[in-house]
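Please read the structure below before turning to the comments.
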Amino acid sequence: MIRTYDPKNVRITAGGVTILGFPDGVFVTAERFSEAYTHVEGVDNFNTRIKTNKKAGSIKFMIQQSSPSNNYLSSLAIADENLSDGIIPITIIDFKGDSKIIAPQCWITKFPLVEFGNEISIREWEFHTSSFEVFIGGNFIG
């Protein structure tokens, strides 16, 4: 049985706007800051796990410097700096698979490193979120 993954079927929206212009290779990462549970082991080998209830994390987009999404993200970052008006939802969905990340309240942490040269550089936009739901699934047959 063969399953197929196609990165063109991964859709990322930020504030309802579809992000465009991804480079070859990894173009999005998402990770929670905390473990779901911590662990305490007593001297008598009595073990307890403690639910953290923490779902905050980071989401990073890697996009080419020529992407029009840089304009949108820059405007969003400026609006947040000046007016504290930059909290948006982000969704990441693999439409030919089962993976989905939904983060209802995200904000840009800082402007990305800017490089100019004789090749296209990558802009890495990092968002933090107070909470995100994640389901990591496989891909469909075919």
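The values are calculated or read from the model by the stated rules, or taken from the named source; none is laboratory data. All values derive from a computational prediction rather than experimental measurement. Because the Cβ atoms are built from the backbone with ideal geometry, glycine has one as well, and the counts that use them run over all protein chains shown.
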- Message: So, VAL10, is that one surrounded by 13 or more Cβ atoms within 10 Å (Cβ to Cβ), touching a helix residue (DSSP H, G or I) at 6+ places or on another chain (Cβ under 7 Å) and either at pLDDT below 95 or of a type outside the set (D, E, K, R) (or both) or not?
- Response: no
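Could you list all residues from region 40-77 that are among the hydroxyl-bearing types (Ser, Thr, Tyr), part of a helix (DSSP H, G or I) and surrounded by fewer than 11 Cβ atoms within 10 Å (Cβ to Cβ)?
Here is the first cut: in region 40-77, the residues among the hydroxyl-bearing types (Ser, Thr, Tyr) are 48, 52, 58, 66-67, 69, 72, 74-75.
If we keep only those that are part of a helix (DSSP H, G or I) as well, we get 69, 72, 74-75.
Residues satisfying the conditions do not exist here.
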- Task: For GLU126, indicate whether it is charged (D, E, K, R), at pLDDT 95 or above and under 23 Å from ARG32 (Cβ atoms).
- Result: yes
- Return yes or no: is ILE2 modelled with pLDDT under 95 and either farther than 20 Å from GLU133 by Cβ or of a type in the set (Phe, Trp, Tyr) (or both)? yes
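Taking LEU113, is it more than 30 Å from ASN139 (Cα to Cα) and out of contact with any Lys or Arg (no Cβ under 7 Å at 6 or more places or on another chain)?
Details: more than 30 Å from ASN139 (Cα to Cα): yes; out of contact with any Lys or Arg (no Cβ under 7 Å at 6 or more places or on another chain): yes.
Spelling it out, LEU113 is indeed more than 30 Å from ASN139 (Cα to Cα) and out of contact with any Lys or Arg (no Cβ under 7 Å at 6 or more places or on another chain).
Can you tell me which residue within region 109-134, out of those that are surrounded by fewer than 10 Cβ atoms within 10 Å (Cβ to Cβ) and of a type outside the set (Lys, Arg), is nearest to GLY25 (Cα to Cα)?
So in region 109-134, the residues surrounded by fewer than 10 Cβ atoms within 10 Å (Cβ to Cβ) come out as 110, 113-114, 116-119.
Now narrow it down to the ones that are of a type outside the set (Lys, Arg): 113-114, 116-119.
Values: LEU113: 19, VAL114: 19, PHE116: 20, GLY117: 20, ASN118: 20, GLU119: 16 Å.
The residue in question is GLU119.
Any residue that is among the small types (Gly, Ala, Ser) and under 29 Å from GLU35 (Cα atoms) - is there at least one of those in region 107-123? Break it down stepwise before answering.
We begin by selecting, within region 107-123, every residue among the small types (Gly, Ala, Ser); these are 117, 121.
If we keep only those that are under 29 Å from GLU35 (Cα atoms) too, we end up with none.
No; the residues of region 107-123 include none that is among the small types (Gly, Ala, Ser) and under 29 Å from GLU35 (Cα atoms).
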- For region 6-23, state whether one or more residues are in contact (Cβ under 8 Å) with a residue 24 or more places away in the chain and either among the aromatic types (Phe, Trp, Tyr) or in contact with a Cys (Cβ under 8 Å, 6 or more places away or on another chain) (or both). yes
- Out of all the residues in region 97-108, which are outside any strand (DSSP E or B) and crowded, with 16+ Cβ neighbours inside 10 Å? SER99
- Failed condition for ILE93, given (1) touching a Lys or Arg at 6+ places or on another chain (Cβ under 9 Å); (2) over 14 Å from ALA14 (Cβ atoms), with all others met? (2)
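Just give me the residues in region 78-95 being in contact with an Asp or Glu (Cβ under 7 Å, 6 or more places away or on another chain) and either surrounded by fewer than 17 Cβ atoms within 10 Å (Cβ to Cβ) or part of a helix (DSSP H, G or I) (or both), in sequence order.
Here is the first cut: in region 78-95, the ones in contact with an Asp or Glu (Cβ under 7 Å, 6 or more places away or on another chain) are 79, 86.
Of everything in region 78-95, just one residue is in contact with an Asp or Glu (Cβ under 7 Å, 6 or more places away or on another chain) and either surrounded by fewer than 17 Cβ atoms within 10 Å (Cβ to Cβ) or part of a helix (DSSP H, G or I) (or both), namely ALA79.
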- Query: Which pairs have Cβ atoms under 6 Å, sit 6 or more apart or on different chains, and link a residue in region 93-122 that is within 26 Å of ASP80 (Cα to Cα) to one that is in a loop (DSSP other than H, G, I, E, B) and of a type in the set (S, T, N, Q)?
  - Reply: GLN105/SER130; GLU115/SER121; SER121/GLN65
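Search region 1-39 for residues being among the charged types (D, E, K, R) and part of a loop (DSSP other than H, G, I, E, B), and hand back the single one that is farthest from ASN70 (Cα to Cα). If you could, list the steps in order and put the result at the bottom.
Step one: list which residues in region 1-39 are among the charged types (D, E, K, R), which gives 3, 6, 8, 11, 24, 31-32, 35.
Still in the list and also part of a loop (DSSP other than H, G, I, E, B): 6, 24, 35.
Values: ASP6: 24, ASP24: 17, GLU35: 32 Å.
The qualifying residue farthest from ASN70 (Cα to Cα) is GLU35.
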